[in-house]
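The values are calculated or read from the model by the stated rules, or taken from the named source; none is laboratory data. For clarity, every value in this text was computed on a predicted model and none was experimentally measured. When we count neighbours, we look across all protein chains shown, and the Cβ atoms used for this are built from the backbone with ideal geometry, even at glycine. All accessible areas refer to the heavy atoms of the entire protein, side chains included, with ligands and DNA or RNA removed. Shrake-Rupley method; radii C 1.70, N 1.55, O 1.52, S 1.80 Å.
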Amino acid sequence: MQFLAKNWILVLALVLSGAMLVWPLIVRRLSPIKEIGTLNVTQLMNHENAVLLDLREPGEFKGGKLPGAVHIPMSQLGKRSEELAKLNKRPVVAYCALGRRSTMVGGALAKAGFASIYSLRGGIKAWRDAGLPIEETDAA
């Protein structure tokens, strides 16, 4: 007990650092969005007619998109959620350039009525690295 009293700052640092390590795991478990790889995305596309949602901003959209993807930039998702509402019976796979931003849209997609929400781990970069097909775009 004396050790704890004398070293309370160290104990506090230990508790806080442990909490910071566990926090991302808790958030990931509570999030409505699940991260999946390219193989799972192709399975969802082929077997469940998944909606592919490209969240990249217009400047990032050059160079192609996943085949059949709907392009709604993340910054416009709230304003354009009604466009997705008619597709909400299907699973949705959100993706961005590297997969970081797409993990943050789970709440907005759940609000739009989607029950099965996924994020492509590694984004379009992972898709390209796997040698999977890219649909050309004319966007600027």
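The residues in region 76-111 that are touching a Leu at 6+ places or on another chain (Cβ under 8 Å), within 17 Å of residue 44 (Cβ to Cβ) and in a loop (DSSP other than H, G, I, E, B) can be counted, and the count is 3. Taking region 75-121, which residues are among the charged types (D, E, K, R) and over 8 Å from the mean Cα position of the chain (by Cα)? 79, 80, 82, 83, 86, 89, 90, 111 - these are the residues of region 75-121 that are among the charged types (D, E, K, R) and over 8 Å from the mean Cα position of the chain (by Cα).
Condition test on residue 22, is it touching a helix residue (DSSP H, G or I) at 6+ places or on another chain (Cβ under 9 Å) and not basic (Lys, Arg)?
In short, no.
If you go through region 91-127 and keep only what is closer than 20 Å to residue 65 by Cα, charged (D, E, K, R) and surrounded by fewer than 16 Cβ atoms within 10 Å (Cβ to Cβ), you end up with 100, 125. Going by the structure shown, is residue 104 out of contact with any helix residue (DSSP H, G or I) (no Cβ under 6 Å at 6 or more places or on another chain) and on the phi < 0 side of the Ramachandran plot? Spelling it out, residue 104 is indeed out of contact with any helix residue (DSSP H, G or I) (no Cβ under 6 Å at 6 or more places or on another chain) and on the phi < 0 side of the Ramachandran plot. Wholly within region 1-59, which helices (runs of 4 or more DSSP H) include no fewer than the required count, namely at least 1 residues that are open to solvent by 100 Å² or more (accessible area, probe 1.4 Å) and among the aliphatic types (A, V, I, L, M)? Those helices (runs of 4 or more DSSP H) span 8-30, 38-48. Can you confirm whether residue 47 is without any contact (Cβ under 8 Å) to a residue 24 or more places away in the chain and of a type outside the set (Asp, Glu)? In short, yes.
Report whether or not residue 52 is of a type in the set (A, V, I, L, M), more than 19 Å from residue 128 (Cα to Cα), free of Cβ contacts under 8 Å to residues at least 60 places away in the same chain and out of contact with any helix residue (DSSP H, G or I) (no Cβ under 6 Å at 6 or more places or on another chain).
no
Could you look through region 60-89, keep only residues that are touching a residue at least 40 places away in the same chain (Cβ under 8 Å) and either of a type in the set (Lys, Arg) or open to solvent by 70 Å² or more (accessible area, probe 1.4 Å) (or both), and pick out the one that is farthest from residue 130 (Cα to Cα)? Here the answer is 62.
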